[in-house]
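Heads up, the thing below is written out as structure tokens.
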Amino acid sequence: MTSAADVRVSASRSELATSVAVALLARLSHVQSEGRVPQIGLTGGSIAEELHREVARLSPGSGVDWSRVVLWWGDERWLPTGSADRNEVQAHESFISAVGVDPSHVHAMPASDEGLSLADAAVAYGETMREHGAGYFDVLMLGVGPDGHVASLFPGHPAAVLRDAIAVPVEESPKPPPQRISLTFEAMERSDAVWFVAAGADKADAVAAAMAGPAEIGSPEAVECPARVPRGTEETVWWLDPETAPPS
Ligand code: 6PG
């Protein structure tokens with residue numbers, strides 16, 4: 001069962017980052033108030049970077065106990081440990097280090113210099129998620145590319161139709177770097193909430209296409225616009241700025 005999409009348009013890109021950060025902190029607090037440890041899937045990209053900084057800025061006083069938050073990634077660039085272009089390095093720099101997440105709860109995808117092949121690294125991440133995950137995300141955050149890609153699942157790319165795996169290797173990514181690891185759509189769909197976060201006029205067409213309605217993995221619609229696939233079982237939110245918002 002998937003949820004109908006909820007569209008939330010902020011007045012500007014910066015207000016979008018703040019709105020998502022406020023909502024994320026509130027969701028973390030709510031899950032913890034239920035006695036659970038929130039499982040969050042993070043995304044890379046520029047708007048994610050901005051909202052992460054807002055999370056760090058707004059975290060004091062939010063009531064979130066960061067020692068009881070578990071972080072995962074939707075995708076990662078296949079680069080050496082510490083590379084500034086790795087999503088997890090950017091996330092550490094923008095908020096993880098500031099808020100003090102328990103390092104044992106931060107599950108970065110493997111780096112290219114850890115002795116694993118790209119394919120084995122993807123398998124290893126799936127094993128880590130099976131061992132240390134909860135089998136679902138409370139919130140999976142997804143940036144959206146101008147071509148409608150989410151995580152590192154790109155239009156017409158063979159990785160976007162793979163099943164029976166949690167994470168897969170991505171070769172020849174149209175967005176550099178060429179090699180990446182990505183969660184599969186099957187893994188993404190084990191999310192109570194999927195939050196798409198998109199800003200900038202270059203995303204407007206992709207967001208409009210994605211909001212035309214959900215599509216099944218491997219369908220022509222999904223191959224053309226991967227952002228049509230992930231939906232939360234309980235909640236799907238499109239967090240948009242005015243440039244990506246559908247015409248009112
Ligand atoms: C990545 C991201 C990618 C990103 C989109 C949007 O590793 O590059 O995970 O999926 O979220 O490309 O990126 P922007 O927000 O920078 O446009």
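The values are calculated or read from the model by the stated rules, or taken from the named source; none is laboratory data. It should be emphasised that the depicted structure is a prediction, and the values quoted were computed from it without experimental measurement. Positions of Cβ are generated from backbone atoms using ideal geometry, with glycine treated the same way; all protein chains shown enter the neighbour counts. Each accessible area value is taken on the protein alone, full model and side chains, heavy atoms only, with ligands, DNA and RNA left out. Shrake-Rupley method; radii C 1.70, N 1.55, O 1.52, S 1.80 Å.
When the stretch 171-228 is filtered for residues that are within 21 Å of R8 (Cα to Cα), within 15 Å of the ligand (Cβ to nearest atom) and in a loop (DSSP other than H, G, I, E, B), the ones remaining, listed by number, are A199, G200, C225. Entry remark, the stretch 110-151: residues being closer than 28 Å to G63 by Cα and of a type outside the set (D, E, K, R) number 12 in total. On the stretch given as the stretch 117-141, residues that are part of a helix (DSSP H, G or I), open to solvent by 10 Å² or more (accessible area, probe 1.4 Å) and not hydrophobic (A, V, I, L, M, F, W, C) total 6.
The residues of the stretch 128-164 that are under 15 Å from G218 (Cα atoms), away from the ligand (no atom under 13 Å from the Cβ) and in contact (Cβ under 8 Å) with a residue 12 or more places away in the chain, listed by number, are G156, V161, L162, R163, D164.
Listed by position, the helices (runs of 4 or more DSSP H) enclosed by the stretch 1-91 that each have at least 1 residues that are farther than 29 Å from R180 by Cα and touching a residue at least 24 places away in the same chain (Cβ under 8 Å) are 13-33, 46-58. E221 passes every criterion in (1) in contact with a Lys or Arg (Cβ under 6 Å, 6 or more places away or on another chain); (2) farther than 30 Å from D120 by Cβ; (3) surrounded by fewer than 23 Cβ atoms within 10 Å (Cβ to Cβ); (4) touching a residue at least 12 places away in the same chain (Cβ under 8 Å) apart from (4).
G82 meets all of the listed conditions (1) surrounded by fewer than 13 Cβ atoms within 10 Å (Cβ to Cβ); (2) closer than 29 Å to E171 by Cβ; (3) in contact with an Asp or Glu (Cβ under 7 Å, 6 or more places away or on another chain) but one, namely (3).
Filter the stretch 229-242 down to residues that are within 15 Å of the ligand (Cβ to nearest atom), part of a loop (DSSP other than H, G, I, E, B) and more than 22 Å from V161 (Cβ to Cβ), then give me how many there are.
Number of matching residues: 1.
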